[in-house]
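I have placed the structure first, in the form of structure tokens, so that the comments after it can refer back to it.
The values are calculated or read from the model by the stated rules, or taken from the named source; none is laboratory data. Note that the structure is a prediction, hence the values are computed from the model and not measured. For neighbour counting, all protein chains shown are included, and Cβ atoms are generated from backbone atoms with ideal geometry for every residue, glycine included.
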């Protein structure tokens, strides 16, 4: 069986009008769907899926992989212009939905669980608005796996912060290496450089995970290796790809089994993001590196089909919405009855469906119009003002709620 698989040069993190047909890889959307489903299963406390938090690790690998593919294709163009365009598109893609959910969560929390219990959320919201939530949670010592106090309803924004910090720094590194070494040697130099950084970050992550687990969980320095691993795979020359379809097929199915095994075997007490995280990162990387086939003999073929592909399309929105949907009812019941056993399986299903509906509506009618705005696309500086305005809107909302929503 001979199957055509796209090379690393043919990837794109998201479709754009001028290159959607040529570069967009549908199977990556399916992998995003798997990642967000695993995260939701873990946060919904579905039996045997305590390790579903590895979905975030899969997201990191995907982000590094597809962003690098996009940047490599642009590295021969005007640097200042391309950096401006890249950052503007990131703002339009990420900040509107993130802001919407922060403000919506603040209002819902103050209404359902009361101003006294929701008060600490205001500081979390301010830090999350500028994508510094990870450093905030390190500073206050927030344990992601704490079994004590209810989690912050914006706790999951730590991963957005890590990704945005990567997005801010990595394009600069990539374009600088292109300018210094030329395009011909660019991939080789970048691959070697990334390999060194990934190894250093992975070693530091393994060390910090045992010495300072809270900081290790949120820090961009202990998480870089996951994003960097995806970036490294995208930077490798296509000549290194596996040519044997049978080997690719077996490897992809084995990768799925390993990911599911990790999601069911890892627990809240596992040392992550240390060595154990490779059980998610390595197979996710293999699926990305060898993907592109639409044949159902490959997992990438199944990932290319609906409804997985649409769940992947809305996975970012779903990730944002699901945490409040799952945790506000728990905290409400805890405050009212003193325990959470009143939440049935049916309640959990209804919460997940609610998050799905909100995610789909946000994606179709709020995020896409902003992301595809021709006015904003032609004027990156206007997008910069939009980003600053959205941060200001969160701070204003937090101030208004704190001032006028009486205890």
Next on the checklist: So residue 330 ticks every box in (1) touching a helix residue (DSSP H, G or I) at 6+ places or on another chain (Cβ under 8 Å); (2) touching a residue at least 40 places away in the same chain (Cβ under 8 Å) but one. Which box is left unticked?
Outcome noted: (1)
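Condition (residue is touching a helix residue (DSSP H, G or I) at 6+ places or on another chain (Cβ under 8 Å) and either modelled with pLDDT of 95 or more or in a helix (DSSP H, G or I) (or both)) applied to the stretch 339-346: is it met by at least one residue? Walk me through it before giving the result.
Kept after step one, since they are touching a helix residue (DSSP H, G or I) at 6+ places or on another chain (Cβ under 8 Å), are these residues of the stretch 339-346: 339-340, 342-343.
Those left that are additionally either modelled with pLDDT of 95 or more or in a helix (DSSP H, G or I) (or both): none.
The answer is no; no qualifying residue exists.
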Checklist outcome for this item: Scanning the stretch 248-277 for residues that are within 30 Å of residue 211 (Cα to Cα) and without any contact (Cβ under 8 Å) to a residue 40 or more places away in the chain, the one surrounded by the fewest Cβ atoms within 10 Å (Cβ to Cβ) turns out to be 261
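Would you pick out the residues in the stretch 219-247 that are assigned to a helix (DSSP H, G or I) and surrounded by fewer than 23 Cβ atoms within 10 Å (Cβ to Cβ)? Outline the logic, then answer.
From the stretch 219-247, those assigned to a helix (DSSP H, G or I) are 220-235, 238-240, 245-247; that's our starting set.
Result: 220, 221, 238, 239, 240, 245, 246, 247.
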Checklist entry - Within the stretch 130-141, can one find any residue that is at pLDDT 95 or above, under 18 Å from the mean Cα position of the chain (by Cα), buried (at least 21 other Cβ atoms within 10 Å of the Cβ) and not in a helix (DSSP H, G or I)? => result yes
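Matching residues to (1) part of a helix (DSSP H, G or I); (2) crowded, with 17+ Cβ neighbours inside 10 Å:
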position	(1), (2)
86	yes, yes
107	yes, no
127	yes, yes
143	no, no
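On the given criteria, is residue 214 in contact with a helix residue (DSSP H, G or I) (Cβ under 7 Å, 6 or more places away or on another chain), touching a residue at least 12 places away in the same chain (Cβ under 8 Å), surrounded by fewer than 15 Cβ atoms within 10 Å (Cβ to Cβ) and more than 20 Å from residue 68 (Cβ to Cβ)?
Details: in contact with a helix residue (DSSP H, G or I) (Cβ under 7 Å, 6 or more places away or on another chain): yes; touching a residue at least 12 places away in the same chain (Cβ under 8 Å): yes; surrounded by fewer than 15 Cβ atoms within 10 Å (Cβ to Cβ): no; more than 20 Å from residue 68 (Cβ to Cβ): yes.
Criteria not met by residue 214.
Among the candidates 159, 146, single out the residue that is farther than 20 Å from residue 388 by Cα and modelled with pLDDT of 95 or more.
On the way: 146 fails: modelled with pLDDT of 95 or more.
Unique residue meeting the criteria: 159.
For residue 324, indicate whether it is farther than 19 Å from residue 46 by Cα, modelled with pLDDT of 95 or more and surrounded by 19 or more Cβ atoms within 10 Å (Cβ to Cβ). Talk me through it step by step, then tell me what you get.
On the way: farther than 19 Å from residue 46 by Cα: no; modelled with pLDDT of 95 or more: yes; surrounded by 19 or more Cβ atoms within 10 Å (Cβ to Cβ): yes.
No; evaluated as a whole, the condition is false for this residue.
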Checklist outcome for this item: Given the conditions (1) in contact (Cβ under 8 Å) with a residue 40 or more places away in the chain; (2) surrounded by fewer than 21 Cβ atoms within 10 Å (Cβ to Cβ), every one holds for residue 173 apart from (1)
